[in-house]
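S.K.: Take this structure first; my questions come after.
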Amino acid sequence: PRATGAVMRRLRHSLAACVLTAATAAVAADSRTVIGPSNLALADGATALMAGDAEEGVRLTLLGLTSATSERDRVAGWSNLCAGYASLRQLNAALRYCDEAVGADPANWRALSNRALVFVLAGKYDRAAADIGRAETIAPEARTVRQVRAMLQDAVDVARPATANDDGRRQPAKSDLR
């Protein structure tokens, strides 16, 4: 679907926030005393994604995943790849990594929120609503969850025709997303 400028700005901010919260949580959950990140490529990938450089962020995150030693790092990396590929509009790749993250950690609200965003972009609003609903039960106050919920509502409102006979109505784009 064609999104308004405000929706696209919200998308960019939401993607950056999803990456930031996933990277921050992975570092915060590790209680070891370490100077600097334990996986520099994953950290640099997250930094690039937050700076809006999705191509470099994806490249570095893929590199970092080759040496990820903990499940926490892998899940954060997969979630970040989901956000990066969504930013590049490579929705099937984004979904694959979101599914990996959610499969490994079904209570990962960041991955659920990212996957909901992918579904919004693909026009799969029912699936987006299910994932964002799960994310809301886990982290109801998370800013990114609220942003994706608002994006879903905006998309649904735009896709809903004003009248049954409105020839100018906008419908979600056809998607080959599974």
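S.K.: For Leu20, are the conditions met, namely being under 24 Å from Val148 (Cα atoms), part of a helix (DSSP H, G or I), open to solvent by less than 30 Å² (accessible area, probe 1.4 Å) and modelled with pLDDT under 95?
M.R.: no
S.K.: Closer than 24 Å to Pro37 by Cβ and either of a type in the set (Lys, Arg) or assigned to a helix (DSSP H, G or I) (or both): does that describe Ala116?
M.R.: Answer is no for this residue.
S.K.: So, one more: With open to solvent by 10 Å² or more (accessible area, probe 1.4 Å), over 15 Å from the mean Cα position of the chain (by Cα) and touching a residue at least 40 places away in the same chain (Cβ under 8 Å) as the only criterion, which of Asp126, Asp73, Asp157 stands out?
M.R.: When all the criteria are applied, what remains is Asp73.
S.K.: What are the residues in segment 76-112 that are surrounded by 24 or more Cβ atoms within 10 Å (Cβ to Cβ) and either of a type in the set (Asp, Glu) or in a loop (DSSP other than H, G, I, E, B) (or both), if any?
M.R.: Asn108
S.K.: While we're on this one: Identify the single condition in (1) at pLDDT 95 or above; (2) farther than 23 Å from Gln90 by Cβ that Ala128 does not satisfy, given that it satisfies every other one.
M.R.: (2)
S.K.: Can you tell me which residue is surrounded by the fewest Cβ atoms within 10 Å (Cβ to Cβ) among those in segment 129-154 that are within 15 Å of the chain's Cα centre (by Cα) and acidic (Asp, Glu)?
M.R.: Checking each candidate, the answer is Glu136.
The values are calculated or read from the model by the stated rules, or taken from the named source; none is laboratory data. The model shown is predicted, which means the values in this text are computed figures rather than measured ones. Every residue, glycine among them, receives a Cβ derived from its backbone with ideal geometry; neighbour counts consider all protein chains shown. When the accessible area is computed, the model is the full protein with side chains, heavy atoms only, and any ligands, DNA or RNA have been set aside. Shrake-Rupley method; radii C 1.70, N 1.55, O 1.52, S 1.80 Å.
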